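Structure first, then comments.
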Number of protein chains: 2
Amino acid sequence: MNMNEETLDPVDWAPLRAVAHTAVDDLLGLTENLRSGPVWKSMPEDVQKFFQQSLPQEGEALEKIYADVMEKIVPYRTGNIHPRFWGWVMGNGSGTAMIGEFIKAGINLNAGGGFQSGAFVERQVIRWCCQMMGYPETASGLFVGGGSMANLVGIAVARNQMAQWNMRQEGLQGENKKLIAYASREVHSSVQKAIELLGMGNENLRLIGTDSFFRINIEELSKAILRDRNNGHIPFCIIGCAGTVNTGAMDDLAALAEICKEEKIWFHVDGAFGALAAIAPELRHLVAGMEQADSIAFDMHKWMYMPYAAGCVLVKNAAAHRHTFSLTPTYLSHAEGGLAGGESWFSEFGIELSRSFEALKVWMNIREHGIKKFGRIIHQNVRQAQYLGKLVEANPDFELLAPVTLNIVCFRYLKNGSNEKQLNEFNHKLLIRLQQSGKAAPSNTIVNGKEGIRVCITNHRSKSEDFDLLLSALRELAEGQVT
Amino acid sequence: MNMNEETLDPVDWAPLRAVAHTAVDDLLGLTENLRSGPVWKSMPEDVQKFFQQSLPQEGEALEKIYADVMEKIVPYRTGNIHPRFWGWVMGNGSGTAMIGEFIKAGINLNAGGGFQSGAFVERQVIRWCCQMMGYPETASGLFVGGGSMANLVGIAVARNQMAQWNMRQEGLQGENKKLIAYASREVHSSVQKAIELLGMGNENLRLIGTDSFFRINIEELSKAILRDRNNGHIPFCIIGCAGTVNTGAMDDLAALAEICKEEKIWFHVDGAFGALAAIAPELRHLVAGMEQADSIAFDMHKWMYMPYAAGCVLVKNAAAHRHTFSLTPTYLSHAEGGLAGGESWFSEFGIELSRSFEALKVWMNIREHGIKKFGRIIHQNVRQAQYLGKLVEANPDFELLAPVTLNIVCFRYLKNGSNEKQLNEFNHKLLIRLQQSGKAAPSNTIVNGKEGIRVCITNHRSKSEDFDLLLSALRELAEGQVT
């Protein structure tokens, strides 16, 4: 058969190898020298236009493509690799993780199932996560894209397990009893997204009020559960927040665990970043009770500084977890040997069947540093938040907007003679100017109606001096061109 | 403030840089020389035990960790990078994609939202995908983990759009009318998973019979829709298969589009690999009608040979897509400038909020080769399947189990004097032996009750000689130790 067969592989590998070595030097060089560059740069219009080009019909030299990547993509990144990025909740990444991702793409294994090394690595990291969270090693777990998926998986298991009928077969259609979930008003929007996706309807997610520390009001929660039971509904899940996204508030997880036990309700913890406080001995008391949860969602690409993606969900009842997702049609049947052998497949514990090998970089990083060091740097971030909080309080130009309970500092600049509306507008603009200056990148917040600046420290590269620089940069901008 | 601050970054970057360069040479070397090694190797027990070690407390040298990766992880991969891997539906990856993944981890941008280069690249690749699929560029799209997620997103939009009430607010709870979905019996299990997850219940997914080519029976489908309407239900979605996983069958997508138009039903195409036939001019007729679909799911990590993950979903009605997922709480509010600027965020079009920058490797590869070359290699895979099909038919030791309509060949070895049960057992063992030999890695199949060997060619590295080798290896094993 004469086919004149083609491949995506080069005939001569030398030029590709050269570009790869250049990428290593360029990207590690960038990482080593982050502090001397801007946190973030706005993409100019001519670069924006470059990305309008239509589908390429013919190929181009890799060297040209690499030059475009370095010139038009790399400089206009989100900026979360920088020591002074504190926006939303993002981690940084590491040089070792970059190597891990290169190897991941090189071996390109499908972590969904089968008898292969990725399954062994992922199972080991999941066991490590259980140890980190005070969970039994009999729990099941899964790497997922992030906290949103982790919450979805946890709440899906809760739904299927707590329904009084065969949820997979019958669904929610035609049922008269309603399943009701509970969380504080400060709960992350991904929980609402999960409830909606699972077909339960946002109106069946009860958002409970909070105290002055933005923690769920336990009394109000208990009353809501009672009211729903009296109305014939099924309270099926309480979502506790281990670190709210806005202020870093920690719900009283032990109290929630107690209620769930008494009321026979599934206890899910959204610990996207806050759950990782469990790694630091000095902070572990903040998440006391989390180990009693039925499921925990957290992201190692947040407060363990991994690059995307390294989300994780743990479920204490492995059988319930598997029972929610497992499907083994003929073409996925397991065998007693060969490639289709091995223990239960990860694809039976979540939505995805083909899965990339995200556990590798985490495995490499945890081994390189040991978990104690991660605990120290997590604690360091909390001490940095306290440091910044004190700087803000000590400075009459600034006002703290919420108590600093974890790694988040919400504050605003006070401009003499401004009313609340003007202060909101001023701080809104001030933040944008600060980001545009490239000096630091917090994100915005609104706390009790006051718009301000939110510094969320999930950054292994930040130093205390970076927070001094933040306040002086803000003051300079506030006193200067921002009007 | 004296904190004695730590970081995950090394003090001296030289050793890390050295490991990175070694990884480039090792992994590109592996890729260049794949053909000389086994497709797959079973992990020995002592290596399995290595992954039992508990959570490391203290760190280790990166060189040691790298050595473990090369010795204990890399050799025991799934094997889908190899020219003779044809199991399930997996792609291979490429050297350029490895560089892309290294850069991705280096800049570690969050592709979920904000004003950053990743959004420009992903939007551009989505537009390219629209061109590839014959879709208008006004369609919306999203990179996802894989076909399962892509199906989930498409069917979720269908559910919310076709319900006669506010699905996000009310959900399916307490509704009397039932939403019903339709697909052929050959549909991928991820569709069932999506239906279950969305709360609709597997019993509300009608599995329709197929013809001798394993294509959905249109008449039976029409009758089922009519029956459901007469029973007061709401037929909301037909899922067409563009390439079934078992045999590569293509539903008559034009006929399905016609029914959906007449009946006002959402038309979703699961084209996990088969949709990519649209890229090859010689194969495009096979997916005629796909361009009329309301949503299409496909994976560039399958028949576009990208490494994991490069799943994609396109939705023709961008507003319906966004309306299903968009949530913008305070902490995700968009701004008129700075990092929170930019067009609508990808997090508003799917489940995930933090998202890794998977589009980069695809962007680099499409530019490097041009889409025409991808079309040629996809067509090459189909011609290879036809070649193998003919080899099988020409050989009395083998029997073809299904027509070769795309890139999948299902066949079995015939052993003289065996009954059907014995043949099933024999072929089951034969496949495992073949995988264990390291010579080739197809997966198993059961077609009309007959167990056999399934060769799915989504491999840019396969040559026609590899299929000669496959049959001779099977014959050798069959005549030898397999009893």
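The values are calculated or read from the model by the stated rules, or taken from the named source; none is laboratory data. The structure displayed is predicted, hence computed values, not measured ones. Methodologically, a virtual Cβ is constructed for each residue, glycine included, from the backbone with ideal geometry; neighbour enumeration extends over all protein chains shown. Note: areas computed on protein heavy atoms with side chains; ligands, DNA, RNA excluded. Shrake-Rupley method; radii C 1.70, N 1.55, O 1.52, S 1.80 Å.
Rounded, prolate or oblate: pick one for segment B:147-301, where a ≥ b ≥ c are the square roots of the eigenvalues of its C-alpha gyration tensor, a/c under 1.5 means rounded, and failing that, prolate if a/b is larger than b/c, else oblate. Note, shape of segment B:147-301 comes out prolate. Between chain A and chain B, roughly 16400 Å² of accessible surface gets buried, counting both sides and using a 1.4 Å probe. In segment A:89-116, burial by the other protein chains removes 50 Å² or more of accessible area from A:98, A:99, A:102, A:103, A:105, A:106, A:107, A:108, A:110, A:115, compared with the chain on its own (1.4 Å probe, ligands and nucleic acids ignored).
Rolling a 1.4 Å probe over the protein chains gives residue B:322 an accessible area of about 90 Å². Pairs to check: A:302/B:361; A:372/B:49; A:373/B:361; A:104/B:390; A:261/B:178. Give those whose C-alpha atoms are more than 29 Å from each other in this structure. In this structure, A:373/B:361; A:104/B:390; A:261/B:178 exceed 29 Å between Cα atoms. For chain B, the solvent-accessible area with a 1.4 angstrom probe is 32 square angstrom per residue.
Pairs of Cα atoms nearer than 8 Å and 6+ residues apart set the relative contact order; for chain A it is 21 percent. Summing charges over neighbours of residue A:243, with a neighbour being any other residue whose Cβ is under 14 Å away from its Cβ, gives -1 when K and R count +1 and D and E count -1. Projecting 7 Å from Cα along the Cα-to-Cβ direction, the label point of residue A:370 sits 5.6 nm from its equivalents in the other copies, listed shortest first.
Every helix of 4 or more DSSP H residues in chain A counts as -39500 (n - 2.57), and over all residues that averages to -12500 deg cm²/dmol at 222 nm. For residue B:317, inter-copy separations between label points set 7 Å beyond Cα along the Cβ vector come to 3.8 nm, shortest first. Across every direction, the projection of the convex hull enclosing the Cα atoms of segment A:244-299 has a mean area of 3.7 nm².
For residue A:393, the point set 7 Å out from Cα toward Cβ sits 8.2 nm from its twins in the other copies, listed from shortest up.
Computed over segment A:241-305, relative contact order equals 36 percent, with contacts defined as Cα pairs under 8 Å that lie 6+ residues apart. Other residues whose C-beta falls under 14 angstrom from the C-beta of residue B:167 contribute a net charge of +1, scoring Lys and Arg +1 and Asp and Glu -1.
Nonpolar atom fraction for chain A, defined as the carbon and sulfur part of the 1.4 Å probe accessible area, stands at 48 percent. Straight-line cross-link partners of residue A:421 among the lysines, defined as a Cα under 17 Å from its Cα and at least 8 positions apart when in the same chain: A:429, A:450. Axis between A and B by rotation; chain A residue with nearest Cβ and distance in whole Å recorded as A:199, 1. When you filter the GluC sites (Glu not before Pro) in segment B:30-59 for DSSP loop state and at most 11 other Cβ atoms inside 10 Å of their Cβ, you are left with B:58.
The heavy atoms of residue A:207 present about 90 square angstrom of accessible area, all protein chains included, probe 1.4 Å. Counting only residues at least eight positions apart within a chain, or on another chain, the aspartates and glutamates with an alpha carbon under 19 Å from that of residue A:463 are A:32, B:5, B:6, B:9, B:12.
Secondary structure note: in the protein assembly as shown, about 55% of the DSSP beta bridges are antiparallel. Other residues whose C-beta falls under 13 angstrom from the C-beta of residue A:185 contribute a net charge of -2, scoring Lys and Arg +1 and Asp and Glu -1.
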